[in-house]
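The values are calculated or read from the model by the stated rules, or taken from the named source; none is laboratory data. All values reported here derive from a predicted model rather than from experimental measurement. Here the Cβ is made from the backbone with ideal geometry for all residues, glycine too, and neighbour counts use every protein chain on show. Please note that ligands, DNA and RNA were not included when accessible areas were found on the heavy atoms of the full protein model with its side chains. Shrake-Rupley method; radii C 1.70, N 1.55, O 1.52, S 1.80 Å.
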Amino acid sequence: MKLTLTDEQKQQLERQHRKEKNGKVRDRIKAVLLYSEGWTQEHIAQALRIHETTVWEHLNEYATLKKLTLKSGGSSSKISEEQSLELEKYLEENTCANTNEIIAYVKETYDLTYTQQGMQGWLARHEFSYKKPSGVPAKFDVKRQEEFIETYKKLKEELQENELILFMDSVHPTQATKISYGWIKKKGGKG
């Protein structure tokens, strides 16, 4: 395969390489640039730590389609726009610990079947990420806390010499929520 680049094309690819965040796309660009500079496919594969056939595919796709991205066109979404909005709302109100829960919900609600990879793709496109939420104290009431502090100060001031203030810590069940990971909408995300 012959691949000749003009100086302008090389400069454009160099600029694109500097700006590109995806390492696989950067590898495609490097393969094209190195091949145009006389490197063999074997040496490019060795330098980039990828298979020779992958180098050949990158070069062939660039030579025939000028393709450097990973997108292959994809498929149309199984879920409608209206269903997507409903699912986003559901996920914002209910934290799901894994994609299997979401897949089961979509199957039960919309009778649509998703793979884990397909659902992870949907979640990423709709600005969800798998993370641990921030904990917020339950039933925290600033006014009641301030009232308690004032009452305690007054109690201390009025304490007689032969009186003590004792504190006791009892053991009791807690209703605190255990925070765990789940699919959560990114702040400032779409929708």
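Summary table below
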quantity: Across LYS24/LYS67; LYS24/LYS78; LYS10/LYS66; LYS24/LYS66; LYS21/LYS186; LYS10/LYS67, pairs whose alpha-carbon gap is larger than 18 Å; calculated: LYS24/LYS78; LYS21/LYS186
quantity: Net length gained if the chain between GLU158 and THR40 were fully extended (0.36 nm per residue, minus Cα distance); calculated: 33.5 nm
quantity: Solvent-accessible area of HIS51 with every protein chain in place, 1.4 Å probe, in Å² to the nearest 10; calculated: 120 Å²
quantity: Point-charge dipole on Cβ atoms (K/R +1, D/E -1) for segment 1-91, about Cα centre, debye to 20; calculated: 220 debye
quantity: Average projection area in nm² (convex hull over Cα atoms of segment 90-131, one quarter of hull surface); calculated: 2.8 nm²
